[in-house]
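These notes are about the structure you will find just below.
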Amino acid sequence: MQQPPPSVFPIFRSRITCAVLTHTYVGDAENSVGELAEAAGTDSGTMAREVSRLEQAGVLSSRHVGRTKLVRANQTAPFYGPLRDLVTIILGPAQVLAEELSHLNGIEEAAVFGSWAARMRGEPGPAPVDIDLLVIGRPDRDDLHEATARARSRLAREVNTVVITRARWEANEDGFIRELHNRPQVPVPIPPGDGE
């Protein structure tokens, strides 16, 4: 059974399309079909069909290295800039935050919560006007502020940050933290070893 697209901006066709656009247009990365399939939680055959459909529409371009097909945003398309901006603003907060936070020390874990996460997890509601970021750990506050300011500029919306220590997060004693545990979250994929 195909999962519906996230309700964060319902013009996108499916969760698979959203994953492909996010991984190719945010940061202009080049990914294999297998990597895109893993990111979207689908099989390589389904992803290959989606990539082919988006290539035919001029949204993606690809090249082969041996037997591996590498896919990226079609930077020569006349709509490339506006689509990149739209994908970054609508679908890209977790990826943009990952890029901006990845060099900071003291971040053990991070996730987006609030209305954007709820829409991405399929909960209906109004379009999010800001991004709520949960940071678990003890990052330098000035460095964190600078990183979220860069993210705010890229995302064209406010980034509200909550920093919680690991001990407080795991204790799960106050009402706000209990609510965070029970509400939708979208992990911010910070590479292992980068926030230690």
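The values are calculated or read from the model by the stated rules, or taken from the named source; none is laboratory data. Every value quoted in this text rests on a predicted model; they were computed, and no experiment measured them. Positions of Cβ are generated from backbone atoms using ideal geometry, with glycine treated the same way; all protein chains shown enter the neighbour counts. In case anyone asks, the SASA skips ligands and DNA or RNA and just uses the protein heavy atoms, side chains included. Shrake-Rupley method; radii C 1.70, N 1.55, O 1.52, S 1.80 Å.
Do we have any residue at all in the stretch 79-87 that's touching a Lys or Arg at 6+ places or on another chain (Cβ under 9 Å) and not acidic (Asp, Glu)?
No.
Which numbered condition trips up residue 161, out of (1) farther than 29 Å from residue 17 by Cβ; (2) open to solvent by 70 Å² or more (accessible area, probe 1.4 Å)?
Among (1) farther than 29 Å from residue 17 by Cβ; (2) open to solvent by 70 Å² or more (accessible area, probe 1.4 Å), residue 161 violates only (2).
Go through the stretch 34-48 and report how many residues are open to solvent by 40 Å² or more (accessible area, probe 1.4 Å), small (Gly, Ala, Ser) and under 22 Å from residue 88 (Cβ atoms).
Final tally of qualifying residues: 2.
Kindly evaluate residue 45 against the criterion of being of a type in the set (Gly, Ala, Ser) and at pLDDT below 90.
Spelling it out, it is not the case that residue 45 is of a type in the set (Gly, Ala, Ser) and at pLDDT below 90.
When you check residue 148 against the structure, is it open to solvent by 30 Å² or more (accessible area, probe 1.4 Å) and modelled with pLDDT of 95 or more, yes or no? Give the steps one after another, and end with the answer.
Details: open to solvent by 30 Å² or more (accessible area, probe 1.4 Å): no; modelled with pLDDT of 95 or more: yes.
No; evaluated as a whole, the condition is false for this residue.
Within the stretch 15-33, restricting attention to residues that are open to solvent by 40 Å² or more (accessible area, probe 1.4 Å) and at pLDDT 85 or above, which residue is nearest to residue 82 (Cα to Cα)?
This residue is 23.
Does the stretch 180-187 contain any residue that is under 27 Å from residue 15 (Cα atoms), open to solvent by 60 Å² or more (accessible area, probe 1.4 Å) and assigned to a helix (DSSP H, G or I)?
So the first thing to find is which residues in the stretch 180-187 are under 27 Å from residue 15 (Cα atoms), and the list is 180-187.
Checking which are open to solvent by 60 Å² or more (accessible area, probe 1.4 Å) leaves us with 181-183, 187.
Now restrict to residues that are assigned to a helix (DSSP H, G or I): 181-182.
Scanning the stretch 180-187, I find at least one residue that is under 27 Å from residue 15 (Cα atoms), open to solvent by 60 Å² or more (accessible area, probe 1.4 Å) and assigned to a helix (DSSP H, G or I), so the answer is yes.
Within the stretch 124-144, take every residue that is small (Gly, Ala, Ser) and out of contact with any strand residue (DSSP E or B) (no Cβ under 7 Å at 6 or more places or on another chain) and give me the one that is least open to solvent (accessible area, probe 1.4 Å). Spell out the reasoning first.
Taking the stretch 124-144 and keeping what is small (Gly, Ala, Ser), we get 125, 127, 137.
In the following step, the residues that additionally are out of contact with any strand residue (DSSP E or B) (no Cβ under 7 Å at 6 or more places or on another chain) were identified as 125, 127.
Working: 125: 44, 127: 74 Å².
Only one residue fits best here, namely 125.
Picking from 108, 158, 170, which residue would you name as being among the charged types (D, E, K, R) and out of contact with any strand residue (DSSP E or B) (no Cβ under 7 Å at 6 or more places or on another chain)? Break it down into steps so the answer makes sense when it comes.
On the way: 108 fails: out of contact with any strand residue (DSSP E or B) (no Cβ under 7 Å at 6 or more places or on another chain); 158 fails: out of contact with any strand residue (DSSP E or B) (no Cβ under 7 Å at 6 or more places or on another chain).
Matching residue, one of 108, 158, 170: 170.
When you go through 113, 176 one by one, which is the residue that is within 25 Å of residue 19 (Cα to Cα) and of a type in the set (Phe, Trp, Tyr)?
So the residue among 113, 176 that is within 25 Å of residue 19 (Cα to Cα) and of a type in the set (Phe, Trp, Tyr) is 113.
Look at the stretch 102-123 and say how many of its residues are open to solvent by less than 30 Å² (accessible area, probe 1.4 Å) and basic (Lys, Arg).
Total meeting the criteria: 1.
Among the residues of the stretch 86-101, are any under 22 Å from residue 27 (Cα atoms) and either open to solvent by 60 Å² or more (accessible area, probe 1.4 Å) or among the hydroxyl-bearing types (Ser, Thr, Tyr) (or both)? So that I can check it myself, show each step before the final result.
Start the filter on the stretch 86-101 by keeping residues that are under 22 Å from residue 27 (Cα atoms), which leaves 86-101.
Within this subset, residues satisfying the condition of being either open to solvent by 60 Å² or more (accessible area, probe 1.4 Å) or among the hydroxyl-bearing types (Ser, Thr, Tyr) (or both) are 88, 99.
Yes, because at least one residue in the stretch 86-101 is under 22 Å from residue 27 (Cα atoms) and either open to solvent by 60 Å² or more (accessible area, probe 1.4 Å) or among the hydroxyl-bearing types (Ser, Thr, Tyr) (or both).
Criterion first (more than 29 Å from residue 15 (Cβ to Cβ), aromatic (Phe, Trp, Tyr) and either out of contact with any His (no Cβ under 9 Å at 6 or more places or on another chain) or at pLDDT 95 or above (or both)) does residue 113 satisfy it?
Spelling it out, it is not the case that residue 113 is more than 29 Å from residue 15 (Cβ to Cβ), aromatic (Phe, Trp, Tyr) and either out of contact with any His (no Cβ under 9 Å at 6 or more places or on another chain) or at pLDDT 95 or above (or both).
Consider the stretch 59-85. How many of its residues are open to solvent by less than 60 Å² (accessible area, probe 1.4 Å), free of Cβ contacts under 8 Å to residues at least 24 places away in the same chain and of a type in the set (Gly, Ala, Ser)?
So the count comes out to 4.
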